[in-house]
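Quick notes on the structure that follows.
The values are calculated or read from the model by the stated rules, or taken from the named source; none is laboratory data. Source: prediction; values computed, not measured. Neighbour counts are summed over all protein chains in view; Cβ atoms, including those assigned to glycine, are modelled from backbone coordinates with ideal geometry.
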Amino acid sequence: MKEEERLIYRLKEYSKSDYYPFHMPGHKRNRELGREYENPFSVDITEIHGFDNLHHPEGIIKESMEWAASVYGADRTYYLVNGSSCGILSAICGTTGCGGTILMSRNCHKAAYNGVFLNHLKVDYVYPQIIGNLGIQGGILPEDVDRILADNKEIESVLIVSPTYDGIVSDVEEIARVVHRHGKPLIVDEAHGAHFPFCDQFPKSALELGADVVVQSLHKTLPCFTQTAVLHIKGDRVKAEEIERYLRIYQSSSPSYVFLAGIENCIFHMDREGRQRMERFYENVCRMRTNLKRMHRLYLLDREWIGSYGVFDMDMSKIVVSVEKTDLTGADLDRILRERYHLELEMCCADHVVAITSLGDREEGFRRLEEALLELDGQLNDRDEDPELESNLEWSSRVTSRPEVEMTIFEGIMAQKESVPVEEGVGRIAGEFVFIYPPGIPIVAPGEMLLPSLVHTIEEYQEMGLSVQGLKDLSGKTIQVVKRL
């Protein structure tokens, strides 16, 4: 391997470039936020005398997590060094029996589906609303949760995502009331809302709204290392010892003390001066959003949707830009912003892009994104002015397609399989996941029937250049399906 081919060399070269990160991690490579970690090796240790053990905390780590719980208003808080994924896995397995049933929002991250697989669960899905013609997923309706729980008494726990990747917040408080009325615990994947507790201008954390288990990714929106997260428990509806047991399974047996110190350090500074920084950050976001409302063709998702399509609140730090009125796809806009303006976004979908902002952002970044979008907006064709332009939104009607579940995810993965061309998969049972990453939400899961609309969606995503993952065939030409007996 040549010197310039090494990953560390490429990372250093990239950090010297003018590419600006509108993606996680939340520290945004801001040197000001990393002064305490000039030499990570100097604080990288193992479980030596006096430094406790994450998997058997009795000393400083136990005290640190108890302190963190007091900051958040939780009964218990656990530090996660394997990301929110291990928290989601532990929450699912710790609140359901092997072979049991869970109610889960369909827009859950792939980690939740992995938890379903590991515990051999059956799943009832609650589907988010779809916002207008934008093809963007809205919130989960409490009445839908209520109806499903009433219909299936076998459900043991409920898992929803709020906020979503697009910053959509559901009515967690009412959903918690509904779930508790049925005698079940509510788990909220709040991975993208770790900043909520530190600024009143943002939505309330699910922890304040009645959720029993809340998982937050510190690294997504706060100044912390990638892979760091926390899990909170509040109330007595879940058995903490069961979740702890699975945390010991799904977390590394050699947890990084750099990560552990980073988690504590992040919470410490957020509790100490983070609220003031968050206020300034919120002002910068609002200023940019106000200016972006001048766009005529590109569309900025904003608060006018609150009260519709299950949208209870919105995270204003997520800059969601729709290309619905243009001749571009989301992948086109993402590529243009990267290649022409050196702005790297978090995610692109068929008809919108997502830029993540955080308190780690600098004024230069806000200015560059604002100027780039306004300049582009002035150069784009308007679909209303050019009737010959084909709509790139045909797919959005398909995100509401509800796959027919033929077997559990575990059964679908473990069944004998064969590979067939994607276009010939219609009517077959999927033997693998298919999803866009990010955000990692399955289009189809193992054990589900491949409907014509789903196969067409997969093909369209591939044609648009979106990152279709999960397929064993990395070329994307074939899909694994369950063998017919």
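Okay, here's what the table says:
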{"read-out": "Listing of helices (runs of 4 or more DSSP H) fully contained in region 174-292 that carry 2 or more residues being over 25 Å from Pro438 (Cα atoms)", "value": "240-250, 257-269, 275-292"}
{"read-out": "Among the candidates Gly99, Gly83, residue that is loosely packed, with under 13 Cβ neighbours inside 10 Å, modelled with pLDDT of 95 or more and on the phi > 0 side of the Ramachandran plot", "value": "Gly99"}
{"read-out": "Answer residue from region 127-144, given it is in contact with a Ser or Thr (Cβ under 6 Å, 6 or more places away or on another chain) and surrounded by fewer than 24 Cβ atoms within 10 Å (Cβ to Cβ) and is modelled with the highest pLDDT among those", "value": "Ile130"}
{"read-out": "Residue in region 94-105 that is assigned by TED's automatic domain parsing to the domain that holds Leu247 and within 30 Å of Glu324 (Cα to Cα) present", "value": "yes"}
{"read-out": "Evaluation of Gly365 against (1) small (Gly, Ala, Ser); (2) part of a loop (DSSP other than H, G, I, E, B); (3) touching a Lys or Arg at 6+ places or on another chain (Cβ under 9 Å) (one fails), failing number", "value": "(2)"}
{"read-out": "Residue count for region 352-371, restricted to those that are within 18 Å of the chain's Cα centre (by Cα) and either at pLDDT below 95 or among the charged types (D, E, K, R) (or both)", "value": "0"}
{"read-out": "Residue identified as in contact (Cβ under 8 Å) with a residue 24 or more places away in the chain, in contact with a Lys or Arg (Cβ under 9 Å, 6 or more places away or on another chain), not in a helix (DSSP H, G or I) and not assigned by TED's automatic domain parsing to the domain that holds Ile443 among Asp146, Asp166", "value": "Asp166"}
{"read-out": "Region 372-383: number of residues that are in a helix (DSSP H, G or I) and more than 25 Å from the chain's Cα centre (by Cα)", "value": "8"}
{"read-out": "Scan of region 96-115 for residues that are of a type outside the set (A, V, I, L, M, F, W, C), out of contact with any helix residue (DSSP H, G or I) (no Cβ under 8 Å at 6 or more places or on another chain) and more than 11 Å from Ser157 (Cβ to Cβ), ordered by number", "value": "Gly99, Ser105, Arg106, Asn107, Lys110"}
{"read-out": "Subset of region 49-80 (residues that are over 19 Å from Leu218 (Cα atoms) and either among the aliphatic types (A, V, I, L, M) or at pLDDT below 95 (or both))", "value": "Ile60"}
{"read-out": "Boolean, Asp171 is without any contact (Cβ under 8 Å) to a residue 24 or more places away in the chain, charged (D, E, K, R) and closer than 29 Å to Glu324 by Cβ", "value": "no"}
{"read-out": "Every residue from region 293-321 that is surrounded by fewer than 17 Cβ atoms within 10 Å (Cβ to Cβ) and in a helix (DSSP H, G or I)", "value": "Arg303, Glu304"}
{"read-out": "Residue match in region 75-82 (condition: assigned by TED's automatic domain parsing to the domain that holds Val230, among the hydroxyl-bearing types (Ser, Thr, Tyr) and touching a His at 6+ places or on another chain (Cβ under 9 Å))", "value": "yes"}
{"read-out": "The lone exception for Gly307 - which of (1) under 22 Å from the mean Cα position of the chain (by Cα); (2) closer than 18 Å to Pro163 by Cβ; (3) not hydrophobic (A, V, I, L, M, F, W, C) it fails", "value": "(1)"}
{"read-out": "Pick from region 28-48, criterion in a loop (DSSP other than H, G, I, E, B), in contact with a helix residue (DSSP H, G or I) (Cβ under 8 Å, 6 or more places away or on another chain) and not β-branched (Val, Ile, Thr), ranking: modelled with the lowest pLDDT", "value": "Arg29"}
{"read-out": "Per-region count, region 348-367, residues within 17 Å of Met316 (Cβ to Cβ) and hydrophobic (A, V, I, L, M, F, W, C)", "value": "6"}
{"read-out": "Criterion (free of Cβ contacts under 8 Å to residues at least 40 places away in the same chain and part of a loop (DSSP other than H, G, I, E, B)) met by exactly one of Pro25, Pro57", "value": "Pro57"}
{"read-out": "Scope region 147-189; condition touching a His at 6+ places or on another chain (Cβ under 9 Å) and charged (D, E, K, R); matching residues", "value": "Lys153, Asp166, Asp189"}
{"read-out": "Total residues in region 272-292, condition within 24 Å of the chain's Cα centre (by Cα) and surrounded by 16 or more Cβ atoms within 10 Å (Cβ to Cβ)", "value": "9"}
{"read-out": "Members of region 465-481 found to be surrounded by 19 or more Cβ atoms within 10 Å (Cβ to Cβ) and farther than 14 Å from Val426 by Cβ, listed by number", "value": "Leu466, Val468, Gly470, Leu471, Gln480"}
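Residues are listed down the side, and each one gets a yes or a no for (1) at pLDDT 95 or above; (2) not in a loop (DSSP other than H, G, I, E, B):
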position	(1), (2)
Glu388	no, no
Ser396	no, yes
Gly427	yes, no
Glu432	yes, no
Phe435	no, yes
Ile443	no, yes
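Here's the yes/no breakdown for (1) in the same structural domain as Asp44 (by TED's automatic domain parsing); (2) out of contact with any strand residue (DSSP E or B) (no Cβ under 6 Å at 6 or more places or on another chain); (3) over 19 Å from Glu63 (Cα atoms):
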{"site": "Glu244", "(1), (2), (3)": "yes, yes, no"}
{"site": "Ser253", "(1), (2), (3)": "yes, yes, yes"}
{"site": "Tyr257", "(1), (2), (3)": "yes, yes, no"}
{"site": "Ile263", "(1), (2), (3)": "yes, no, no"}
{"site": "Gly274", "(1), (2), (3)": "no, yes, yes"}
{"site": "Met278", "(1), (2), (3)": "no, yes, yes"}
{"site": "Phe281", "(1), (2), (3)": "no, yes, yes"}
{"site": "Arg287", "(1), (2), (3)": "no, yes, yes"}
